[in-house]
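Engineer: Submitted below is the structure of interest, expressed as structure tokens.
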Amino acid sequence: MNQLDWDGARDKGKEEMKWILVNVQDPSIFDCQSLNRDIWKDPGIKEVVKENFIFMQYSKDDPRGMQYINYYFPLRDSDAAYPHIAIVDPRTGEQVKVWSGPPVPKAGEFLMQLVEFLDRYSLDLSKKNPVARRKPEKLKSIDVDRLTEEEMLDLALQNSLANNGTTGPKEEDPDDLTKSFGDVSKGKGKEVEEEPVSTTDAEPTNGHASAVSTPFSRIMSNNPHVEPENGPGVTRIQFRHSNGRVVRRFRSDDTVRRIYEWLKADPLEGKAGMDFDLKGMGKDLIDHLDETIEDAGLKNGTVMVEYIED
């Protein structure tokens, strides 16, 4: 955690080429205390944040955070807006992602969302970040004169709950506006380069994989993975896929190739014979096959599994 004012945080973010991760707290709200206990102390989250973010935590009346709070957090007086977490581009000051209000995300889910963000967004000027594909939803105006007595009672109850802080408006996540088509695998303007190779040494498949020899096709598919026992040199990796998530143990000195061998030999349900991409720490892991899991930054990390549909 950095003890800086907002301008200082932006300067440091620009200098170190790191995103700014901001958390505004109200100590009187239990969910904010839960955040400190369950999220910020999680080893996997701490590792990802330390490597990729300038982490700032302000109480809602902290003078150092007033510039951020006044400009970015207009709902600071609403209990429903806490906990407040946001990611800001240090170069432009743009708020690119927001978590607003309860429930507090689980540590594993929050870690996966951070990894997904790093996979989609980059501070590298040569890469293109996602842009909004739809406009924020506008609040509907209500013609009270046209409401029935029952509808007016419901509206009064909702307003009463909002004034008591048990519900109320939440900030919209600007990152959600970039996902109108459900595509979370793009965003950095990365072009796929095909490798000009011979087709004579391609590995036989069930008809789903590519017919040409590629780094993926040359990975063994008959080398199942046996999880090591917990202990020194062993790490857990969480794999997120379209149907949920799965956690497996690996040795820290296993190569990234071992992860691919596991998924090819023991595919997820309904995915047998299908090609897939693995994304972790903002990079395509097919380019890091011979690095160890530790060197690739995957210890206690999260990997996105993206299957390539025919």
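The values are calculated or read from the model by the stated rules, or taken from the named source; none is laboratory data. Treat the numbers as computed from the prediction; the structure is a model and nothing was measured. All Cβ positions, glycine included, derive from the backbone under ideal geometry; neighbour counts span all protein chains shown. To get the accessible areas, we keep the full protein, side chains included, count just its heavy atoms, and leave off ligands, DNA and RNA. Shrake-Rupley method; radii C 1.70, N 1.55, O 1.52, S 1.80 Å.
Engineer: Can you name the residue in the range 4-32 that is open to solvent by less than 80 Å² (accessible area, probe 1.4 Å) and among the basic types (Lys, Arg) and is also nearest to the chain's Cα centre (by Cα) among such residues?
Structural biologist: Within the range 4-32, the match that is nearest to the chain's Cα centre (by Cα) is Lys18.
Engineer: Checking the condition within 12 Å of His225 (Cβ to Cβ) and of a type in the set (Gly, Ala, Ser), which residue from Ala265, Ala296, Ala272 passes?
Structural biologist: Matching residue, one of Ala265, Ala296, Ala272: Ala265.
Residue by residue, here is whether (1) of a type in the set (Asp, Glu); (2) within 24 Å of Asp42 (Cβ to Cβ); (3) surrounded by 15 or more Cβ atoms within 10 Å (Cβ to Cβ) holds:
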residue	(1), (2), (3)
Ile237	no, yes, yes
Val246	no, yes, no
Ser252	no, yes, yes
Ala272	no, no, no
Gly280	no, yes, yes
Asp287	yes, no, no
Asp295	yes, yes, no
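Engineer: Still on this structure, I have one more. So, Arg258, is that one in contact with a Lys or Arg (Cβ under 7 Å, 6 or more places away or on another chain), under 22 Å from Leu111 (Cβ atoms) and among the basic types (Lys, Arg) or not?
Structural biologist: No; evaluated as a whole, the condition is false for this residue.
Engineer: Right, here's the next one. Please work out which one of (1) assigned to a loop (DSSP other than H, G, I, E, B); (2) among the charged types (D, E, K, R); (3) open to solvent by less than 40 Å² (accessible area, probe 1.4 Å) is the condition Glu306 fails and give its number.
Structural biologist: (1)
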